Each structure stands twice: as structure tokens, then as C-alpha cells.
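Worksheet: one structure, shown below.
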Amino acid sequence: MAARRQLPILRQPAAPPAGTVPAPDDPDERPPWHWSAIGAVLIFATWLPLAMVGQWASRRLVGWLAPAGSQAELTARLAAASSGERAAVQAATVLPPLLAFAAACLAGAALVGRFGHRAGVREAAVAGVVATSTAWALTAAGDGLGATWMLWPPMALLGLALGWLGGRIGWRLRPA
């Protein structure tokens, strides 16, 4: 008696070509730690244009607070300024880029929290720390370690906190 022949199932997916890896059927097959790397890249991609806007705003604020024609004139003006005026110029120098970093961390981490299937708040927080550490390492490589080493702990904590907060925001935005 001949072996029974079976017809192929009509909706069966086609086999991948020889020598290729089949694509995963389920998006949940990606490990959660992948979303930490994806989040770090998202934070950087968001941070770069926001940093340019922050630098522009910082330059405009300093020009408004301490108008000067040249660097030497600005230095002389700040030397003669009161401590409150110097603090205002320092805040105008630091706050706009810091706000750009905060917005980028929140946005990138929120995307991880919202779209990272099995990933959640932890992976979003790790993404914030990884992006911060990468930026710190690039700064240290360019300017030398000098006083830059003191910036890493507070910036890493800020990246962790903002990543966690952004992850919580994204987690709440997930569909029920």
C-alpha cells in the first residue's frame, strides 16, 4: 500500500530562502534588554537637535543678560558684575542644554515604555543611564578627563531618574 500523501496547508507561511534566518513572527521575541539600547539611541537622536536649540537659547539668554561685543568685553563685564548677575549668566548657560537633555530622556524613555513589548520602566531607566554615560565618555575623550569625571555621577543619576519617569509615562500610555 502506498504512503498517504497530504496536501500542504494553504495559509502556511513560505519557508525562508536557504542561508537566511527566518524573521520572528511575534514582536515579543525581542529580549527586553534590546529596548535599553534602542532607547539610548532614541535619546541621542532626540537630544542632538534639542541640544542645538538649547545652545542657541543659551547664547541668546547670555547676550540678553550680559550684552557684550567680544569675549574680552564679556569677561570684563562679568568680572565687574554682582554675584547675582553672575549666577543668572551661569544659569542661562547651563539650564537650556540641561532642559534639552531632560526632554530627550523623557521622550526616548517614554517610547521604550510605550512600545517595548516586554520591556518596561527598568529598560527605559537603563536607556537613560546608557545615553548619559555615552555622552559623558565622548566629552571626556574630547576634552580630557580633567574635571569631567565629577559630572558623571550626577548626570547618570539624572539620566536614571528621567529615564524611569519617561518609562512610567510610556507605560501608562500603553493600550489596555
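Run through every distinct alpha carbon pair of the chain and return the Kirkwood hydrodynamic radius in angstroms, one decimal place. Before the final figure, lay out each step's value.
Numbers: mean 1/r = 0.0512 Å⁻¹.
This gives a value of 19.5 Å.
Using the alpha-carbon atoms, what tilt in degrees (0 to 90, nearest 10) does helix 83-115 show relative to the longest principal axis of the chain?
10 degrees
Using Cα springs under 10 Å in a Gaussian network model of the chain, which residue among Pro97, Pro154, Pro32 shows the largest mean-square fluctuation?
Checking each option, the largest mean-square fluctuation is seen for Pro154.
Could you tell me the center-to-center distance, by alpha carbons, between region 23-94 and region 117-176 in angstrom?
Rounded to whole Å, the Cα centres lie 15 Å apart.
If R0 is 22 Å, what FRET efficiency do you get for Ala68 and Gln90 from their C-beta distance, rounded to 0.05?
Numbers: r = 15 Å, r/R0 = 0.70.
In this case the efficiency is close to 0.90.
Tilt of helix 32-65 relative to the longest C-alpha principal axis of the chain, in degrees (0 to 90, nearest 10)?
The angle comes out near 20 degrees.
FRET efficiency for Leu99 and Ala176, Cβ-Cβ distance as r, R0 = 45 Å, nearest 0.05?
Values: r = 32 Å, r/R0 = 0.72.
So, using R0 = 45 Å, E works out to roughly 0.90.
Could you give the nm distance between label points at Ala80 and Trp33, where each point is 7 Å from its Cα heading toward the beta carbon?
So the two model labels end up 6.0 nm from each other.
Does anyone have the angle between helix 121-143 and the longest principal axis of the chain? Alpha-carbon axes, 0 to 90°, nearest 10?
Helix 121-143 and the main axis of the chain meet at about 50 degrees.
The numbers here are math on the coordinates, done by the rules we state, and not lab data. All values derive from a computational prediction rather than experimental measurement. Don't worry about glycine lacking a Cβ; one is built from the backbone with ideal geometry, like all the others, and counts go over all protein chains shown.
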